[in-house]
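The next block holds one structure in the form of structure tokens; read it before the comments.
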């Protein structure tokens, strides 16, 4: 039992662990209907709570569920405790791993759905002038609606009804950046040092801003499709400029043009281009493809609600039950 700020938290298990923090599942005042996540960090780290408050102020209410909620921060001289929402369905990394365990890869229709979700998340986040800085599959929690998703094309495109309540939720804002705290047009030179997620600008010691998140999205898509981290190659384009592309090949029964366009656009973003419009355009192209075939819509609803719930229960059974 942990007592903080007039609340008593009954620790039920460890939900995750990093180099400086541990995350625990806990009941508030021993109430199993009031479940939270406690992130205990040494040394104390109030910055993440600041980022959550910026999300509260800047993210539109319609999209707010995609970014996690922090209720309070208990700050001490040698450690901090961040109290946030607890989501019980695991992470996108768990979904990827569950397919590896059974010797397969994620169904393309589910890859498409999660890609749409990630594009929407970055479109919304960057429109609010916030950089996540650590866009990885283990920082994307799975959300499920209590009601079954419909096959209504308009609800899918507009993300209304049950489609609004399920998808992904971006958490872990410890490396988040608020560009509004810096002079206009500030660029960054830091290297995240996270294997597999160093954007092209980091690899080439060039300045970066929002590219770090878009590169992370590409790595996640590659993991979903290929069960492996993305390796890129630098080639000369027909126009004589350099372009970057993944080394991996595409399966012939995939919608190859859709995936090629995604990687080509996001790995070779023109700094002068409005990348938020690019994210929107890519999202709409994926939505258009998915909604063009009722079978894809039906398959997505079934896969998202059954197969992965079963897989996540296996992944988390020993950890949190």
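Readers should treat all values here as calculations from the given coordinates under stated rules, not as data from a laboratory. Here the structure is a predicted model, which means the values were calculated and not measured. Counting neighbours? That spans all protein chains shown, and the Cβs are built from the backbone with ideal geometry, glycine included.
Report the FRET efficiency, 1/(1 + (r/R0)^6), for residue 22 and residue 100, where r is their Cβ-Cβ distance and R0 is 25 Å, rounded to 0.05.
0.50
Quick one: grab the alpha carbon gyration tensor of the range 109-266, order the square roots of its eigenvalues as a ≥ b ≥ c, and give me rounded if a/c is under 1.5, else prolate or oblate depending on whether a/b is larger than b/c.
Cα axes put the range 109-266 in the oblate bin.
Taking the range 2-85, how much of its Cα-Cα pair set, in percent, is spaced more than 23 angstrom apart?
Cα-Cα pairs in the range 2-85 separated by more than 23 Å: 23 percent.
Only counting other Cβ atoms within 10 Å, I'd like 72, 283 sorted with the fewest neighbours first.
72, 283
Stokes-Einstein diffusion coefficient for the range 53-152 at 37 °C in a medium of 0.692 mPa s, Rh from the Kirkwood formula over Cα pairs: what value in µm²/s?
In µm²/s, the coefficient is 207.
By its C-alpha gyration tensor, with a ≥ b ≥ c as the square roots of the eigenvalues, how is the chain shaped: rounded for a/c under 1.5, else prolate for a/b larger than b/c, else oblate?
Judged from the Cα gyration tensor, the chain comes out oblate (a/c at least 1.5, b/c at or above a/b).
Sort 61, 48 by Cβ crowding within 10 Å, fewest neighbours at the top.
With the sparsest Cβ surroundings first, the list reads 61, 48.
Based on the mean of other beta carbon atoms within 10 Å per residue, what is the order of 133-140, 289-296, 213-220, 83-90, most packed first?
Going by the mean number of other Cβ atoms within 10 Å, highest first, we get 213-220, 133-140, 83-90, 289-296.
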